[in-house]
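Every read-out reported here was derived from the displayed coordinates using simple, explicitly stated rules and does not represent laboratory data. This structure is a prediction, so every number in the text was calculated from the model and none was measured. As a convention, Cβ positions derive from the backbone with ideal geometry for all residues, glycine included, and neighbour counts pool all protein chains shown.
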Amino acid sequence: MEVPTGYLGTAIPGIPNFYMLAGPNTGTSTSTLFVEEVQVSYALQLIKPVLDGLVSAFTVKADATDAYNAKLQERLSRSVHMQCYSWQRAGGGTGKVFNAFPWAVTIWWWWLRRPNWAHYTAMGGNKWVRRRAMDKMFGVFKVSAFALLSVAYVRRPTLLPLLYERLRDLGK
């Protein structure tokens, strides 16, 4: 029996650059508009590298989709949705639940706040892979510099103003 499935209710394996709104298991007890805004933000993060020419397409991996849906159905199996005959269930109302999202909407937002890139395959993405590696290295550099400056400030509070003055003098 076919049951509508998708990765986070937003992407489907095997269909590159396809992102949907209000897909399977996106029904929450709160605002549909909020759910769709979160999905749009998520999809835009996947579309941006394509528009920037860094990658030609993204497609969600089948194993990530299967793992997500297994976790989803396991959670739903303990919910009230499985206790009733309903249009929200496949198989004429007796199968798997395909409409409800069983967790709080804050979990929905958390999972879709940014893509888990390991769950996607980038097609033609050599530039994108290099850019991501550079971004990670720059992020590590920023954190390291902040930590170093914090330690320096704690040990010697007059060091940072002195360093600032020297750098300003170099710029003149």
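Worth a mention:
- Local net charge near Gln83, Cβ-Cβ under 15 Å (Lys/Arg +1, Asp/Glu -1): +4
- Local net charge near Trp117, Cβ-Cβ under 12 Å (Lys/Arg +1, Asp/Glu -1): +4
- Sequence ranges 81-89, 8-16, ranked by mean other-Cβ count within 10 angstrom, highest first: 8-16, 81-89
- Positive-end residue, the chain charge dipole about Cα centroid, Cβ charges, pick of Ala57, Ala22, Ala147: Ala147
- Helix runs (DSSP H) in the chain reaching 30 Å along axis by Cα, Kyte-Doolittle at least 0.0: 126-155
- Summing Lys and Arg as +1 and Asp and Glu as -1 over all other residues whose Cβ lies under 14 Å from the Cβ of Leu46 gives a net charge of +4.
- For region 1-49 versus region 97-165, the gap between their alpha-carbon centres in whole angstrom: 24 Å
- Under the criterion of Cα pairs below 8 Å and six or more residues apart, the relative contact order for the chain equals 25 percent.
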